[in-house]
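No value in this document is a laboratory result; all are computed from the given coordinates. Quick caveat, the model's predicted, so the values are computed rather than measured. Don't worry about glycine lacking a Cβ; one is built from the backbone with ideal geometry, like all the others, and counts go over all protein chains shown.
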Amino acid sequence: MPKSASFRFYGGLNDFLPIERRNSWFSYSFWGTPSIKNAIEAIGPPHPEVDLVLVNDVPVKFSYLLQKGDRIEVHPLLNGGFFSKNDEQVSNKFILDVHLGKLARSLRLLGFDTTYDNFYEDETIVKTAKAENRIVLTRDLLLLKNGDVARGYWIRSQHSEEQLKEVIRYFNLSKFKPFKRCLECNGIIKKNT
């Protein structure tokens, strides 16, 4: 017989839920003792967009094992820049998936270190993000749910201009350095003297 726990998601995490589950408590049925991370992702939201999980009003890590009757509140990152679970400031270095070429050029135009290649496989994106401490920007939820992705954001819009506004808003980007990076290769542009 399955067990059940109650969940409530806040803020932008509701984007990943069906309408009837948004901004309200709902029951989640499960077998065994799944980790809270696995339960959250089975419901919908990818773990990199989660900042704080409270179980019965107590903060827990993603490794917490779900128990019958638990009441879980799941909170999103605020401004995308501070991860309380890691207690560190996130760098504004990005890596983008193959669907976000126009966004990559726009971020480079504003001076942000943005790695992109339209031939990148998901595995390459994950390894590069981990090795270079980059934030994964993607339209692929499965990529964000990869356990090796520590920092990431699912781009909601399908329109490049809106995507740029979304990233600027979410990560609270303000230190623009226009024309500092090559739009094609991401290299730093230097003045000829």
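Tabulated data for the structure shown
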| item | result |
| --- | --- |
| Amide H contacts under 5 Å for ILE135, placed H, 5+ residues apart | LYS93, PHE94, ILE95 |
| Potential extension, THR33-ASN133 segment - 0.36 nm per residue separation minus Cα distance | 32.9 nm |
| Under 5 Å, built H, 5+ apart or other chain: amide partners of ARG181 | GLY111, ILE189 |
| Selected from HIS99, LEU141, LEU65, residue furthest toward positive end of dipole (region 28-177; charges at beta carbon) | HIS99 |
| Sparse-neighbourhood loop sites, GluC sites (Glu not before Pro) in region 96-184 - DSSP loop, at most 12 other Cβ within 10 angstrom | GLU121, GLU184 |
| On Cα atoms only, tilt of 160-170 relative to the major axis of the chain in degrees | 60 degrees |
| Range of Cα positions in region 88-170 per principal axis (Å), largest first | 29, 25, 20 |
| Degrees between helix 122-132 axis and first principal axis of the chain (Cα, 0 to 90, nearest 10) | 80 degrees |
| Computed log₁₀ I(q)/I(0) - Debye formula, equal Cα scatterers, no solvent, the chain, q 0.12, 0.14, 0.18 Å⁻¹ | -0.62, -0.80, -1.19 |
| Calculated SAXS-style log₁₀ I(q)/I(0) at q = 0.25 Å⁻¹ - region 3-76, Debye, Cα scatterers | -1.25 |
| Per-residue [θ]222 nm for the chain (sum of -39500 (n - 2.57) over DSSP H runs n ≥ 4, rounded to 500) | -6000 deg cm²/dmol |
